[in-house]
Amino acid sequence: MNRIVKNVASALAAFGVAGFFAAMPAQAKTWRVNSNPEAKAAFSSLADALASEEVKSGDELLIEPGQYEGTYDITKQGLTITGPGYALAENTDWAETRSAIINYVRIKASNTTLQGLEIPTVELRSDAETSAPLEDCTIQRCKISTITGSSSEQHNHLVIRQNYIANLRSGVGMRESTVANNIFIGRVTLYGVNNTVENNIFPSVNTWNTGSSYSNVLNVSSLTNSVIRNNILIERNGEVHMGKYLMDFNTANNNVITNNVFSGSEESANANYLNNQWVSARMETVFVDDFGFDGYYLRDDSPAKGAATDGGDCGIFGGAHPYVISGRPKSMPHISSAIIPSSPDENGEVVVKLKIEVQND
């Protein structure tokens, strides 16, 4: 796509950002948020967008690349907040590789969706309208340092999937919720009842038997009547005992633990829990050697291949919602290349060539 322009900077601001979201599928209404005045976005700040009476339940806020400092409370039900993805510089050769980074988000409204964003902290609180636990909130395709909340609340029908997450704190209570296809690189404590934990990977498990207790990255001692399946818990070096730790809580808490891939040798407790795989603790036993930032693809001979409950693969690229590299939202257009001449042509004009592509999965 070509445009003849007089001012290259203005052209990229106006088209490169506006065009970025032009092909988004229609919802109730979409609103662009960009602090650059040349972008001519609907809102110049996220705070203004969240506070606006024009933004209704079911609308989508499209957060364009940049740093959004401060703490943002989402109190209006049914909003979708979408960014371009994360770690784009590591995984793509796009012309625009910046993320939309929102410093701190407090979800206080049901039916909220966060996607394609980089957020250091997400906090889940009771619904601002009903004062009840949250219902039907989704956090997907985001890079998050910490998800936290109050241990006195159990939020219903949460979906936490396809994210790159450091920590999921014990304060996040869940009921009939799904935690799936995430990469967890830090400590995770699961709390609640009737939940499904599937197709996640824990690539930096640091778990060892310290006598009477286990120091662990995944704590399920407060998880009951739940299913833990198709996950990969692997450590870079050394022997771990995550499998036994998980299974110690199965009898008391009535959890089903099946078709997971564990580091270390098979524990005696495993006799009652069939279909789990026990492999060498080395990462290269399961994953390709060069997995980059978040590309934890399985080796052709990986024990996780075909080992899931549905006959597919364990780990983040299996299941109903496979992980998407860099968290790029579906139908998200992006500038994959930009050719900008250093000087005008014979007519005194600058011809800018932009190639626009759309994320299809």
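All of Glu90, Glu129, Glu96, Glu69 fail the test of being surrounded by fewer than 20 Cβ atoms within 10 Å (Cβ to Cβ) and in a strand (DSSP E or B), apart from Glu69. Every listed requirement among (1) closer than 24 Å to Val256 by Cβ; (2) crowded, with 23+ Cβ neighbours inside 10 Å; (3) in contact with a Cys (Cβ under 9 Å, 6 or more places away or on another chain) is met by Leu124 save one, (1).
The residues of region 171-194 that are open to solvent by less than 10 Å² (accessible area, probe 1.4 Å), closer than 24 Å to Asp313 by Cα and outside any strand (DSSP E or B), listed by number, are Ser177, Asn181, Asn182. Against the numbered list (1) open to solvent by less than 10 Å² (accessible area, probe 1.4 Å); (2) modelled with pLDDT under 80, Asn360 comes up short only at (1). Scanning region 139-170 for residues that are among the charged types (D, E, K, R), under 16 Å from the mean Cα position of the chain (by Cα) and not in a strand (DSSP E or B), we see that the one that is surrounded by the most Cβ atoms within 10 Å (Cβ to Cβ) is Arg141.
Checked against (1) surrounded by fewer than 18 Cβ atoms within 10 Å (Cβ to Cβ); (2) at pLDDT 95 or above; (3) of a type in the set (Val, Ile, Thr), Val105 meets all criteria but (1). If you check Ser221 against the conditions, is it at pLDDT below 95 and open to solvent by 40 Å² or more (accessible area, probe 1.4 Å)? Taking the combined requirement at face value, the residue satisfies it. Taking region 31-52 as the range and being surrounded by fewer than 17 Cβ atoms within 10 Å (Cβ to Cβ) and at pLDDT below 95 as the test, the residues that pass are Ser35, Asn36, Pro37, Glu38, Lys40, Ser44, Ser45.
Is it the case that region 258-277 has a residue that's in a loop (DSSP other than H, G, I, E, B), open to solvent by 50 Å² or more (accessible area, probe 1.4 Å), modelled with pLDDT of 85 or more and under 29 Å from Val220 (Cβ atoms)? No: region 258-277 contains no residue that is in a loop (DSSP other than H, G, I, E, B), open to solvent by 50 Å² or more (accessible area, probe 1.4 Å), modelled with pLDDT of 85 or more and under 29 Å from Val220 (Cβ atoms). Cβ-Cβ contacts under 7 Å between residues 6 or more apart (or on different chains), taken from a first residue in region 135-158 that is at positive phi and touching a residue at least 40 places away in the same chain (Cβ under 8 Å) to a second residue that is part of a strand (DSSP E or B) and open to solvent by 20 Å² or more (accessible area, probe 1.4 Å), are listed as Arg141/Gln115.
Evaluation of Pro84 against the conditions (1) crowded, with 18+ Cβ neighbours inside 10 Å; (2) in a strand (DSSP E or B) shows that the sole unmet condition is (2).
The values are calculated or read from the model by the stated rules, or taken from the named source; none is laboratory data. None of the values given here were measured: they were computed from a predicted structure. Every residue, glycine among them, receives a Cβ derived from its backbone with ideal geometry; neighbour counts consider all protein chains shown. Just the protein is used for accessible areas: all its heavy atoms, side chains included, with ligands, DNA and RNA removed. Shrake-Rupley method; radii C 1.70, N 1.55, O 1.52, S 1.80 Å.
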